[in-house]
Amino acid sequence: MPIGRYLTSKEAASILSVSPATITIWLRQGRIKGVRIGSRCAGWRIHENEIKRLLLIEVKELTDKLVQV
């Protein structure tokens with residue numbers, strides 16, 4: 001496991017402006033990487049670098065759209 005901070009699905013959702021349910025869907029689809037902690041009730045943890053990666057992809061997509069205009 002990488003060293004650093006791990007976020008709950010709720011924390012990740014807040015940063016990415018999506019619902020926790022969307023984070024769970026993305027985790028199951030493999031769109032983002034996460035680690036399941038303990039029982040099913042304990043949920044997922046997403047490394048902060050994974051959130052940064054998603055934000056960078058978003059910025060790149062927006063920049064590409066602006067360049068096309």
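The values are calculated or read from the model by the stated rules, or taken from the named source; none is laboratory data. Computed from a predicted model, the values in this text were never measured in an experiment. Quick reminder, even Gly has a Cβ in these numbers, built from the backbone with ideal geometry, and neighbours come from all protein chains shown. Just so you know, the surface numbers come from the protein's heavy atoms only, side chains and all, with ligands and any DNA or RNA stripped out. Shrake-Rupley method; radii C 1.70, N 1.55, O 1.52, S 1.80 Å.
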Inset, instruction - Binning at 10 Å from 0, report for the chain what percent of all alpha-carbon pair distances ends up in each bin. - result: 20, 49, 22, 8, 1
Inset, instruction - Find the relative contact order for the chain and round it to a whole percent, using C-alpha pairs within less than 8 Å whose residues are 6+ positions apart. - result: 33
Inset, instruction - Whenever you get a sec, compute what percent of the accessible area on the chain sits on carbon and sulfur atoms (1.4 Å probe). - result: 60
Inset, instruction - Using a cut-off of 15 Å between beta-carbons, work out the net charge of the residues near Gly4 (Lys and Arg +1, Asp and Glu -1, Gly4 not included). - result: +2
Inset, instruction - Quote to one decimal, in nm, the extra length available between Thr22 and Glu61 on full extension: 0.36 nm per residue of separation minus the C-alpha distance between them. - result: 12.1 nm
Legend entry - Anchor Lys10: lysines whose Cα lies under 18 Å away (excluding residues fewer than 8 positions away in-chain): Lys33, Lys52
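What full-extension length gain, to one decimal in nm, is calculated for Arg31 and Glu48 as 0.36 nm per residue of separation minus the Cα-Cα distance?
Full extension of this stretch gives 4.6 nm more.
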Legend entry - HN-Hα J in Hz across region 33-39 - Karplus 6.51, -1.76, 1.60, θ = phi - 60°, x for Gly and Pro: 9, x, 10, 7, 9, x, 6
Legend entry - the chain - accessible surface per residue (Å², probe 1.4 Å): 75
